[in-house]
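Reading through the structure tokens given below for one structure.
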Amino acid sequence: MAKEAKVWEIIRNVGYEPIENRSIVVSYAPENLSEAIVKFLGVSTEFFVLQICRDELVLVPFGKLAWGLKKDVTLSLPFSEIKDIEVKKAGLNDYLTIRTEKDVITLSVQQKELSFLRSSGILGGSWHSENMDETIKMLQELAEAQV
């Protein structure tokens, strides 16, 4: 289980300023039902920490479950590039869609009520569910501020 303070340390070490308690565990959203089933069962899925920083969103990847967090950033998305953020509930996950001028990124977020049974709880511990509501709220506020 990754400690949230370790996430912040990794992010600070690569030059970003994380906002404390604004991180959640995510994965890229499945493209179809078969992939959704595989993902739900926890087979062959890559997970990330989505962290809100002072000026951008960043994704920090997990290695395999036993390896913990990798010490790099997979994606850095400046707030100025975000055009819209949408959250939809779908079954046991929420889907977070981030639109920029050039891309659409859809992430799957395990709902906080079940995270203790699922990968987000195993990887993140309790901080995923503790941070969920306020992190989603802040993401939506960021999108509104960009309009």
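The values are calculated or read from the model by the stated rules, or taken from the named source; none is laboratory data. Not measured: the values here are computed from a predicted model. Neighbour counts run over all protein chains shown; Cβ positions are idealised from the backbone, glycine included.
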Six or more apart or on different chains, Cβ under 7 Å: which pairs go from a residue in the range 2-14 that's farther than 16 Å from I24 by Cβ to one that's surrounded by fewer than 21 Cβ atoms within 10 Å (Cβ to Cβ) and of a type in the set (D, E)? Could you list them?
-> V14/D72
How do the strands (runs of 3 or more DSSP E) wholly within the range 50-147 filter down when requiring 2 or more residues that are among the basic types (K, R) and at pLDDT 75 or above: which remain?
-> 82-90
State the number of residues belonging to the range 1-25 that are at pLDDT below 90, under 14 Å from I52 (Cα atoms) and in contact with a helix residue (DSSP H, G or I) (Cβ under 9 Å, 6 or more places away or on another chain).
-> 3
Is it true that some residue in the range 32-49 is hydroxyl-bearing (S, T, Y), in a strand (DSSP E or B) and modelled with pLDDT under 90?
-> no
